[in-house]
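Working notes, structure below.
Values quoted throughout were computed directly from the atomic coordinates according to the rules given, and no laboratory measurement underlies them. On a predicted model such as this, the values are computed, not experimentally measured, just so you know. Every residue, glycine among them, receives a Cβ derived from its backbone with ideal geometry; neighbour counts consider all protein chains shown.
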Amino acid sequence: MSDIHGMDLFKPAFIGDIEVSNRVAMAPLTRSRAGMDGVHTPLAIDYYRQRASAGLIITEATNISRQGRGYAYTPGIYTDAQAEAWRGVTDAVHAEGGKIVVQLWHVGRVSHSSLQENGASPVAPSAIPAGGTVYTLAGNEAPSMPRALETAELPGLLEDYRRAARLAKAAGFDGVEVHAANGYLLDQFLRDSTNHRTDFYGGSVENRARFPIEVVTAVAEIWGAGRVGVRISPLSTAIGNTPLDSDPQATYGYFARQLGQLRLAYLHAVEGQLRDANGASALDFKALHEGFGGSYIANNGYNRDMAHAAVASGYADMVSFGRAFIGNPDLVERLRKDAPLHDAPQSAYYGGGAQGYTDFPAIGV
Ligand SMILES: Cc1cc2nc3c(=O)[nH]c(=O)nc-3n(C[C@H](O)[C@H](O)[C@H](O)COP(=O)(O)O)c2cc1C
């Protein structure tokens, strides 16, 4: 790969209103090391500080409410204590010159009663159970049978997103990413496989996209649209064994165009099946980007050469790396030098303490 392409990946840019020092984003990575109250320990400060040379850090998915939680030890952004713990993280990243947005998460049906208040059922657009497993205090378990949200409950969920957006501001983030990917609540609304509603929020693509757009609009009113991004994964069934929409190009194409009208900071797409080989050729992601009209962050299975090519050709404004950031806190420097990458063991991904979290060294130290 030529040096000219290499330079493109390390050029600063504006992603919406967020000025980034290079085009390498850290993808959101759940690490399951917070307390059961959703409050981060100081270890998270070290972890994110070590990775602050990313042009943009997108935090691990962060619950907007107790109801939105689907996995043990994931952080929240619905109490003051949670926001205060996040403040330590944002201060540390900013002190290193980095930028960080928080990924706002409601899992919908991908949850378990034992994680809900008073053992309640998880909620979803429709009462259709998810497959796969969720991580509870008892280990990996099948998700519980969800109940369908009443139409009258949706304003309350919007309020949960608003509270999370306000707390994210108080915590000092540079913006927020609305998680509409990976088969979680907003993706469950978008896909006709998981949304069988007969009210204004189901049926046509306009109706299925209505609630996700209401959420993004509510959050953008608090943050300003230029500091709000959205993540989608039109081709992934990985989480919850969630069946695809019957027409991903049309559904996510419509969604991207609507988001574009809001003039958001960016669209972030998982291209293909999550954590599988890159699937950029399996859908016209370029059309989604064009329909959106703003900045585009590409993800899934990218390596150095692919990332260089994507940015140099204008296909993407940034490329986000997930797994590579786990074992390589200084990933940007390694990409710059074409230094070898450390492949972190999967056993380090979720849960535990400092081991496999903050103990991966940077090169040259
Ligand atoms: C341990 C782990 C945790 C993840 N957690 C999240 C998450 O919280 N939110 C999200 O949108 N994606 C999550 N992902 C998906 C990544 O953001 C990314 O899409 C995926 O790893 C593919 O990118 P990569 O090939 O660069 O690793 C996670 C992936 C891994 C490996």
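Restricting to the range 237-263, name every residue that is under 24 Å from Ala225 (Cβ atoms), in contact (Cβ under 8 Å) with a residue 12 or more places away in the chain and of a type outside the set (A, V, I, L, M, F, W, C). Passing the criteria: Thr251, Tyr252, Gly253, Tyr254, Arg257, Gln258, Gly260, Arg263. Quick check: is even one residue across the range 42-59 touching a strand residue (DSSP E or B) at 6+ places or on another chain (Cβ under 8 Å), within 14 Å of the ligand (Cβ to nearest atom), of a type in the set (Phe, Trp, Tyr) and closer than 15 Å to Tyr350 by Cβ? No, the conditions are met nowhere in the range 42-59.
Elements of the type strands (runs of 3 or more DSSP E) sitting completely within the range 26-142 and holding at least 3 residues that are closer than 22 Å to Gly322 by Cα and free of Cβ contacts under 8 Å to residues at least 24 places away in the same chain: there are none.
Restricting to the range 14-43, give me the number of residues that are small (Gly, Ala, Ser) and under 15 Å from His94 (Cβ atoms). Matching residues across the range 14-43 total 1. Of the residues in the range 301-314, not one is free of Cβ contacts under 8 Å to residues at least 40 places away in the same chain and within 30 Å of Ala138 (Cα to Cα).
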